[in-house]
Amino acid sequence: MGRVLPISLRSFPRARPSAPDRPEASWDLPEVAGRLVEVSGRGAPACLTAAFALVLDAQRRGEAVAWIALPGSTFYPPDAASGGVDLRAVAVVRAPDPVGAATAADELLRAGALGLVVVDLEDVRPDVPAAAVARLAGLARKHDTAVVFLTRKGADDPSLGSLVSLRAEARRTGRAGLEVRVLKDKRRGPGRTHREACHGPAGLR
């Protein structure tokens, strides 16, 4: 499964997020809760920015977060902390490959104590078995947990599979902007775009 930083998931009781009226182009935890999400982008900074926007929102709502990273991940804890992330409330798992990352996500989800699991797959075409994706989709629904895969590919490249409930393309705009364009959404339909100004180190809000 990889190395897990010392943290007790039992220390963070689940606080089910409410879903008040929000703009159509929202990018927050209630929008992705209980869903299998894929965020794609050419390069790491935009994907990381989009993921950390969700991490920060989850923490504001009292939800525990897990981040699963492969050996070449650009996840850098000091940058995360300087961007406002409380690292004490993030379980970080190092997985050897995409299959190991999916296995780690499966085990974490079964605990039912997390609001958000980010899986940084890095590769343009990560090899994640369809059966593993199906299990994760089911666990996400069962525990109302968002499972967010980060992949480095363009909008025209195939997604992880038909069970992905929401797929978005993230890109940086200007010197300090983030744009998240919804390519697929089984609930609301594609075509919406979320934009926000970003602050802090490159790759973070």
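A short reminder: the numbers here are calculations on the coordinates, not readings from a lab. Bear in mind that the values here come from a model prediction, so they are computed numbers and not experimental data.
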- [ ] Report, by chain and number, residues whose modeled amide H sits under 5 Å from the one on A91, excluding near sequence neighbours (fewer than 5 apart, same chain).
- [x] V65, A66, W67
- [ ] Could you work out the Rg to Rh ratio of the stretch 26-197, with Rh taken as the Kirkwood radius (inverse of the mean 1/r over all Cα pairs)?
- [x] 0.92
- [ ] Please report the relative contact order for the stretch 26-197, taking Cα pairs under 8 Å with a sequence separation of at least 6, and give it as a percent rounded to a whole number.
- [x] 31
